[in-house]
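Have a look at the structure below before the remarks.
Laboratory data are not the source of any read-out in this text; all were calculated from the coordinates shown. Fair warning: this is a prediction, and the values are worked out from it, not measured in the lab. Here the Cβ is made from the backbone with ideal geometry for all residues, glycine too, and neighbour counts use every protein chain on show.
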Ligand code: HEC
């Protein structure tokens, strides 16, 4: 292979890397906080939604980013709308609505402020 061909191949590889790169995710202090919510006192239906939240909201950033967001119901509603517009969110509108129901109830219990010493 000539030097030019190697150079060309390299340039192509770099270009592919740049194009294929997913949306840049900046580090966020919330990511370092607790990653679980103790849902043992939540109704069974909310516990089910929590499992969906754990499965869906860990795809692009640690689930702790959401766990440690002190959002109210309105802010969660806004985020979930933004979220389903993301390509590859892997979450449809019905699933987003279920997760929103859980997050709303989490917020009403104090959100991250409810994660006292008792939670892991
Ligand atoms: C397709 C990728 C993707 C998925 C899936 C995803 N997020 Fe995000 N999320 C991001 C990106 C990128 C950011 C940072 C940019 C931003 O804030 O919009 C972010 C930021 C956040 C923030 C911080 C927003 C702010 O304004 O402070 C919260 C809270 C959040 N996500 C919650 C969730 C929840 C809840 C779910 C599951 C329903 C979820 N994310 C699933 C990509 C994703």
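At least 1 residues being within 10 Å of the ligand (Cβ to nearest atom), in contact (Cβ under 8 Å) with a residue 40 or more places away in the chain and under 20 Å from residue 113 (Cβ atoms) is the threshold, and among the helices (runs of 4 or more DSSP H) wholly inside the range 28-87 those reaching it are 44-56, 64-67.
Filtering the range 47-62 to residues that are under 9 Å from residue 102 (Cα atoms) and surrounded by 18 or more Cβ atoms within 10 Å (Cβ to Cβ) leaves 49, 50, 53.
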